[in-house]
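The structure appears right after this line, and notes come after that.
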Amino acid sequence: MNSNVFSNVRSLTVLSDSSSLIKLLKAGEHLPELFGIMFDIYQYVTLFDVIYFSFISRNFNSEADLVVKSAFAGSVMNSALGD
């Protein structure tokens, strides 16, 4: 599938503070515990001509870390409330 079907973005760099996840993605491997997320990632990889996976320390990615923690907290609250 050509990435131009969805957008003009043909290359992507994905940054993560999980060095173990980055190592798995670079090697094209997977872990049973991470099957769902890795399946999704590998499906999206096909949409780009070039994709890079790189580690970034949480110290240098504090804004994204706050967004994730906030989203997770909201998800937990919604689950607890039965939404």
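The table that follows gives values for the structure above.
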item	result
Of all residues in the stretch 51-83 being under 23 Å from H30 (Cβ atoms) and not in a helix (DSSP H, G or I), the one that is modelled with the lowest pLDDT	I56
When residues of the stretch 2-50 are limited to those that are of a type in the set (A, V, I, L, M) and more than 12 Å from the chain's Cα centre (by Cα), the one modelled with the lowest pLDDT	V5
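The values are calculated or read from the model by the stated rules, or taken from the named source; none is laboratory data. Because the structure is a prediction, the values reported are computed rather than measured. Note that we place each Cβ from the backbone using ideal geometry, even for glycine, and neighbour counts take in every protein chain shown.
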